[in-house]
Each structure stands twice: as structure tokens, then as C-alpha cells.
Amino acid sequence: MRIIIKSCLLIYCLFVSACAVQTRPVLSPFADGEYWVVGQPLVYPIPDSDAVIIIPAGFVTDFASIPRIFWTIFPRHGEYTTAAIVHDYLYWEQKCTREQADNLFFMVMEQADVSTASRWAIYSAVRLGGALAWDENASLKKSGEVRILPARLMDFGVKEKWLSYKEKIKPYFEAKEEDGHIPLYCSALEVDEEKKIIDKQEQESLPSKEDDATQEDSTTKEMKRDAGTEIEADNHSDL
């Protein structure tokens, strides 16, 4: 029976991968405003590949895999909400490596034409600060915390906060061992290191604002000097 179920799931995943279209996230907030529940399965095609990540309905996200200091540049809600939820999901499941999960941001920002400087600033921050969120998730999972709610537990009260709700629902879950299965989409999250190096070199070669200001100042002085020379020449010709 298990073989039949796994076969059906594999066929379904292949079908979704073949005709996947990114869906908009449907979220329900807890009363604390920090934690949200994904209301419907969230389909996310990985850029430049046939691979698809499907976030199950009931996944609880807090967008914590993005360092808080970058929330103003890379907001939790808005244009990058879906990517942030997927990143959180990868950080929680930990079936892919942390680097593969972080590469997702790199790919999405590149596809969205985020400036090279901003792209590397955000990616570097996630690589540097994301370890805390990754390790904390590993610890929470080990302690038995669950972040994917079954349908019967998704109908919580409007005053319910996640930190208290997760304690209430603990009796509904039994501890289970990880199956160690690595999803096919993990390999699609690899980014060519040579491409990264070239991209970073291009970013480092871009002139800074100070360089631009210096260049502009010297150009202005040169224009003024040329203009003064022309005026002086005109005055001599009038004489």
C-alpha cells in the first residue's frame, strides 16, 4: 500500500512540475502578528529549472530565516513574500543544505533584476545571519515541535497566539524519525560558484557613490574651465 501511495505522489509531483505556475500565498495570521499559517498549498517553480517546491497547507511561518535587519530592504510581506515563505520552509525541513536554501534568494533576486549590490548585500547577510535560525529550527524539531498543521488544527481562534497554541496541540502529534529522503528540487538550488565569483567581481568593480561624486566634481570643474577659456577667447576677439 505504501508503494502505491508513493507512486501516486511521484506521478503527482511530476505532473505539477510539468505545468507548474507560481501561486499566490494564502496566509492566516495568529494573534501575535509574527506567525502565519499557509492556507493553501503554495507552488513555487525554481527559476531556470523544471523543479518545483510545494509548500503544504498548514505550514507555520514567521519569516525568521531572513535576518531582521534586512526586513526593510527585503520585506517579509510584498514582492518577495513567496520566496521568503519557501526559504522558511527549506530552513524548517532541512532536507536540502542551508547553502542550497540560501541560493534560492540569490536566484530569485537575480531573476527579479535586483541590483547587483543589493543582491550580494542581502545574500551575504542571509549566509551570515541565517545560521542562527537554522540551528534554532533544528533544536525545535528535535524537541518535538511541529510546524505543519493538519486541516483539523488550522481552524484556530482569532485571539490565539502561536506560542500558546503549539503547546495545546502537542498531544495530537507523535514523535517520528526523519526519513532522510532528499527532495529532487535540492539539486536545482545549486548555483554555479564560478558564476557567483564573476557576479561578485562585477559588483566590486562598480563605482561607489563617492567615486561617482568625485568624477562628477572633476567633470564640472573641467566644464567650468572650458567655459571660462571660451569667454576669455571671445573677449580677446572683441578687442
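When the residues of the stretch 38-69 are filtered to those that are in contact (Cβ under 8 Å) with a residue 24 or more places away in the chain and polar (S, T, N, Q), which remaining residue is surrounded by the fewest Cβ atoms within 10 Å (Cβ to Cβ)?
The first filter runs over the stretch 38-69 and keeps only residues in contact (Cβ under 8 Å) with a residue 24 or more places away in the chain, leaving 38-39, 42-67, 69.
Checking the rest, the ones that are also polar (S, T, N, Q) come to 49, 61, 65.
On the way: S49: 14, T61: 26, S65: 27.
For the stretch 38-69, the residue satisfying everything is S49.
Would you tally the residues in the stretch 131-160 being closer than 13 Å to G58 by Cβ and in a helix (DSSP H, G or I)?
Within the stretch 131-160, residues that are closer than 13 Å to G58 by Cβ and in a helix (DSSP H, G or I) number 3.
This table checks each residue for (1) in the same structural domain as V26 (by TED's automatic domain parsing); (2) over 19 Å from R68 (Cβ atoms); (3) in a loop (DSSP other than H, G, I, E, B); (4) without any contact (Cβ under 8 Å) to a residue 24 or more places away in the chain.
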| position | (1), (2), (3), (4) |
| --- | --- |
| T82 | yes, yes, no, no |
| D88 | yes, no, no, no |
| K95 | yes, yes, yes, no |
| F106 | yes, yes, no, no |
| V114 | yes, yes, yes, yes |
| A117 | yes, yes, no, no |
| I122 | yes, no, no, no |
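Evaluate the stretch 24-37: report whether one residue or more is under 22 Å from Y185 (Cα atoms) and either β-branched (V, I, T) or modelled with pLDDT under 70 (or both). Write out each step before concluding.
Residues of the stretch 24-37 under 22 Å from Y185 (Cα atoms): 24-25.
From the residues that got through so far, the ones that are either β-branched (V, I, T) or modelled with pLDDT under 70 (or both) too are none.
Checked the stretch 24-37: no residue is under 22 Å from Y185 (Cα atoms) and either β-branched (V, I, T) or modelled with pLDDT under 70 (or both).
Which condition from (1) at pLDDT 60 or above; (2) more than 30 Å from I69 (Cα to Cα) is the one that D217 breaks?
Answer for D217: the failing condition is (1).
Could you identify the single residue in L128, L163 that is touching a Phe, Trp or Tyr at 6+ places or on another chain (Cβ under 9 Å), modelled with pLDDT of 80 or more, exposed (fewer than 14 other Cβ atoms within 10 Å of the Cβ) and outside any loop (DSSP other than H, G, I, E, B)?
L163
The values are calculated or read from the model by the stated rules, or taken from the named source; none is laboratory data. It should be emphasised that the depicted structure is a prediction, and the values quoted were computed from it without experimental measurement. Reconstructed Cβ throughout: ideal geometry from the backbone, glycine too, with neighbour counts over all protein chains shown.
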